[in-house]
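A.B. asks: Below are the C-alpha cells for one structure; questions will follow.
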Amino acid sequence: MAFRAPPVGSLAARMWFPVCLAILLLLALPGVVLLVLHLLGFAEDVNQWATPNFDLSYRVSPALPWWVLILLILAPVGVLLLYFLKL
C-alpha cells in the first residue's frame, strides 16, 4: 500500500493548542517563581535585588491568603492535566 502524507492543515489543527499552552506557560514562569519566593518568605530580598537591577518592584497583596497563592500556582498544572486526560 502506498504511503500517503497527512494534509498540511491537519498538523496545524492538532498542534495549535499545545503550542499556545506551552507559550503561555513559559510566559507565566517568572510569575510562578515570584509567587513561590513570596510563599517561602523571600519577597523582601527579591524586591531589594530587583529594584536596582531591573527597576522593578514586586508585591503580593497582603489580603491574599497563602492557600489562594498555591491555587494560582497549581491552576496551569490543572489545565495541563485536563488537556492530557482529554476531559
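A.B. asks: Collect the residues in the range 48-74 that are assigned to a helix (DSSP H, G or I) and surrounded by fewer than 14 Cβ atoms within 10 Å (Cβ to Cβ), keeping them in residue-number order. Quick ask: steps written out before the conclusion?
C.D. replies: Step one: filter the range 48-74 for residues assigned to a helix (DSSP H, G or I), giving 48-54, 66-74.
Once the filter is applied, which keeps residues that are assigned to a helix (DSSP H, G or I) and surrounded by fewer than 14 Cβ atoms within 10 Å (Cβ to Cβ), the range 48-74 yields GLN48, TRP49, THR51, PRO52, ASN53, PHE54, TRP66, TRP67, VAL68, ILE70, LEU71, LEU74.
A.B. asks: Looking at the range 30-87, which of its residues are small (Gly, Ala, Ser) and closer than 30 Å to ARG14 by Cα?
C.D. replies: Looking only at the range 30-87, we keep the residues that are small (Gly, Ala, Ser), and these are 31, 41, 43, 50, 57, 61, 63, 75, 78.
Once the filter is applied, which keeps residues that are small (Gly, Ala, Ser) and closer than 30 Å to ARG14 by Cα, the range 30-87 yields GLY31, ALA75, GLY78.
A.B. asks: Could you figure out which of (1) part of a helix (DSSP H, G or I); (2) more than 13 Å from the chain's Cα centre (by Cα) isn't true of VAL77?
C.D. replies: Condition not satisfied by VAL77: (2).
A.B. asks: Mind checking which residues of the range 44-63 are closer than 19 Å to ALA28 by Cα and either of a type in the set (A, V, I, L, M, F, W, C) or touching a Lys or Arg at 6+ places or on another chain (Cβ under 6 Å) (or both)?
C.D. replies: VAL46, ALA50, PHE54, LEU56, VAL60
A.B. asks: Given the conditions (1) free of Cβ contacts under 8 Å to residues at least 24 places away in the same chain; (2) farther than 29 Å from PHE84 by Cβ; (3) in contact with a helix residue (DSSP H, G or I) (Cβ under 7 Å, 6 or more places away or on another chain), which single one is not true for VAL60?
C.D. replies: For VAL60, the failing item is (1).
A.B. asks: Need pairs with beta-carbon distance below 8 Å; first residue of a type outside the set (Lys, Arg) and within the range 15-36, second exposed (fewer than 12 other Cβ atoms within 10 Å of the Cβ); sequence gap 6+ or separate chains.
C.D. replies: Matching pairs, first to second residue: none at all.
A.B. asks: Applying the selection to the range 17-59, what residues are over 17 Å from the mean Cα position of the chain (by Cα) and modelled with pLDDT under 85? Lay out the reasoning, then the answer.
C.D. replies: In the first step, residues of the range 17-59 are kept if they are over 17 Å from the mean Cα position of the chain (by Cα); the result is 40-59.
Those that are over 17 Å from the mean Cα position of the chain (by Cα) and modelled with pLDDT under 85: LEU56, SER57, TYR58, ARG59.
The values are calculated or read from the model by the stated rules, or taken from the named source; none is laboratory data. Remember, predicted model here, so these are calculated numbers, not experimental data. Cβ sites come from the backbone with ideal geometry, for glycine too, and all protein chains shown count toward neighbours.
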